[in-house]
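K.L.:
Just dropping this structure here.
The values are calculated or read from the model by the stated rules, or taken from the named source; none is laboratory data. These figures come from a predicted structure and were not determined experimentally. Reconstructed Cβ throughout: ideal geometry from the backbone, glycine too, with neighbour counts over all protein chains shown.
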Amino acid sequence: MKKLHLYLIAILIVASVAAQKKNSSIKAFKKEVRENVLAKSKMAQVIVDKVFSFSELGFQEIETSKYLTEILKNNGFEIEYGISGVPTAWWAKWGSGKPVIAIGNDIDCIPKASQKPGVAYHDPIVQGAPGHGEGHNSGTPLNIVAVLADKEIMARENIQGTLVIWPGVAEEQLGTKAYYTRDGYFDEVDLCIFMHVSNNLGVSYGPASGTGMISVEYTFSGESAHSAGAPWRTKSAADAVELTNIGWQYNREHLHPLGRSHAVITDGGDQPSVVPSKASIWYYFREITYPKIMQMYERANEVAAGAALMTQTTLSSKILGSAWPRHFNKIIAETMYENILQVELPEWSDDDQNLAKAVQKKVNAPSEIDGLAVALYPIGLPITEPKSGGSDDIGDISWKMPSVTLRYPSNIPGLQGHHWSNAMAMATPIAHKGVISGAQLEAMTLLDFLLKPKLVSQAWNYFDEE
């Protein structure tokens, strides 16, 4: 009995030493990977600025995707092009075995947001052109730098795992992530880490603030005629669009305060002398739960059908995009936040702060916001009171597997979003420093999940139980 007791003690000692050695190795790898990322600062700057220069709208990210996939291909990644039938979408994979970790970021830009970087007033590069007024030019460069830094260690130490980099194409139209999910690209993936530009380092878990959404375009078909010569012989599709919009505006009074809806007329006719035989209007319907999204959508269908009845036109509709409300993983978020506390925020120069304050003054940012962030946010806890706001089709993936969104500090606090002011910092040292901090954090978190299989199991336990 005494020998058995001593044997068990010896096993515990060996296990404890092995665990300490493993933790020591992970700590050393994390230190090394941070240095690896820092050594790629120039590379990060060049990629960020190059993608900024392309500034391509959703589904038009041709040069952006060509440039980014060429970098990945040259670094040993296997590329599948045109995934889910989307010409600018791709799937870049390196490594082997489990875990398989998908790392994503959006790549499209904003209409009419062209802006010279570092200029604290509206000064478009090209008047009326698109620009990165959401900062999507920074996230995939961050992912590339982080993964290449980890790749050096993985190759040398024979660390098993598969890293996948993929782009959110046409995120502003919620155009692709649901299709990636439907088409099975995430079926063999264990975890998803997604990036989104922000003004601080942050991560959250549980239900997130914001909404889910459905995007739909209603098209009406009628009969045209000369507007002055024979207007009584027409069935105006433009009238149907206007009546739809009027009906929906009256319906707004009866929406729940957390709901959001907005529209643009995509086809209002060709010229005043011809009564339009075709006209279209495009809506976003946002709510905080799937049933409420569908309730709003079904009500809008009734309004559009009523407009068609009143104008004797024919109605058709097309769903252009969708997004489920987001729900993020506690285990990934807590692991990531421990690394956030080690990385901390970038050291901002006086020039960085002066630019931020000048932009904030220009756009009348809230008075309590003054310059760039100098203190970390706490980890984001599950919301207890639903809060309305934007949508992101990363929500679809968050219901498929354990996922989080890492927010990194490459932009200026207090801006309104989807605006030329949000492009001002996106090819300046503010963006570059934020990308390096985010890449260090991401690379460290990837190492945690590559080297601690138990964390992957815990992440799935949370996913299955919540």
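K.L.:
I'd like the residue in segment 187-235 that is closer than 30 Å to ALA279 by Cβ and touching a Leu at 6+ places or on another chain (Cβ under 7 Å) and, out of all such residues, is surrounded by the fewest Cβ atoms within 10 Å (Cβ to Cβ).
P.N.:
Here the residue is GLU217.
K.L.:
Right, next: Can you go through LYS116, LYS98, LYS93 and tell me which one is modelled with pLDDT of 95 or more, in the same structural domain as LEU406 (by TED's automatic domain parsing), within 14 Å of THR69 (Cα to Cα) and out of contact with any helix residue (DSSP H, G or I) (no Cβ under 7 Å at 6 or more places or on another chain)?
P.N.:
Unique residue meeting the criteria: LYS93.
K.L.:
Same structure again: Can you tell me which residue among ILE288, ILE293, ILE281 is aliphatic (A, V, I, L, M), buried (at least 16 other Cβ atoms within 10 Å of the Cβ), within 30 Å of ARG326 (Cα to Cα) and in contact with a His (Cβ under 9 Å, 6 or more places away or on another chain)?
P.N.:
ILE288
K.L.:
Across segment 43-68, what is the total count of residues that are under 15 Å from TRP166 (Cα atoms), out of contact with any Asp or Glu (no Cβ under 7 Å at 6 or more places or on another chain) and assigned to a helix (DSSP H, G or I)?
P.N.:
Within segment 43-68, residues that are under 15 Å from TRP166 (Cα atoms), out of contact with any Asp or Glu (no Cβ under 7 Å at 6 or more places or on another chain) and assigned to a helix (DSSP H, G or I) number 4.
K.L.:
From the list THR335, THR311, which one is of a type outside the set (A, V, I, L, M, F, W, C), surrounded by 20 or more Cβ atoms within 10 Å (Cβ to Cβ), touching an Asp or Glu at 6+ places or on another chain (Cβ under 6 Å) and farther than 30 Å from SER215 by Cβ?
P.N.:
Selected residue: THR335, the only one of THR335, THR311 that is of a type outside the set (A, V, I, L, M, F, W, C), surrounded by 20 or more Cβ atoms within 10 Å (Cβ to Cβ), touching an Asp or Glu at 6+ places or on another chain (Cβ under 6 Å) and farther than 30 Å from SER215 by Cβ.
K.L.:
Would you check which residues across segment 106-124 are touching a residue at least 40 places away in the same chain (Cβ under 8 Å) and in contact with a Lys or Arg (Cβ under 7 Å, 6 or more places away or on another chain) and list them?
P.N.:
ALA120, TYR121
K.L.:
Check off (1) touching a helix residue (DSSP H, G or I) at 6+ places or on another chain (Cβ under 6 Å); (2) aliphatic (A, V, I, L, M); (3) in contact (Cβ under 8 Å) with a residue 60 or more places away in the chain for ILE394 and give me the number that stays unchecked.
P.N.:
(1)
K.L.:
Return the total of residues in segment 119-168 being modelled with pLDDT under 95 and in contact with a strand residue (DSSP E or B) (Cβ under 8 Å, 6 or more places away or on another chain).
P.N.:
0
K.L.:
Just checking, which of THR162, THR219 is part of a strand (DSSP E or B) and either hydrophobic (A, V, I, L, M, F, W, C) or farther than 30 Å from VAL37 by Cβ (or both)?
P.N.:
Only one candidate qualifies: THR219.
K.L.:
Here's another thing I want to ask about it. Starting from segment 340-357, take each residue that is touching a residue at least 12 places away in the same chain (Cβ under 8 Å) and in the same structural domain as ASP448 (by TED's automatic domain parsing) and list its partners that are assigned to a helix (DSSP H, G or I) and among the polar types (S, T, N, Q), counting only C-beta distances under 7 angstrom and pairs at least six apart or across chains.
P.N.:
Every condition considered, the pairs that remain are VAL343/SER437; VAL343/GLN440; LEU345/SER437; PRO346/SER437.
K.L.:
Restricting to segment 158-176, name every residue that is closer than 21 Å to GLU78 by Cβ and either surrounded by fewer than 16 Cβ atoms within 10 Å (Cβ to Cβ) or under 18 Å from the mean Cα position of the chain (by Cα) (or both).
P.N.:
Those that are closer than 21 Å to GLU78 by Cβ and either surrounded by fewer than 16 Cβ atoms within 10 Å (Cβ to Cβ) or under 18 Å from the mean Cα position of the chain (by Cα) (or both): ASN158, GLN160, VAL164, ILE165, TRP166, PRO167, GLY168, VAL169, THR176.
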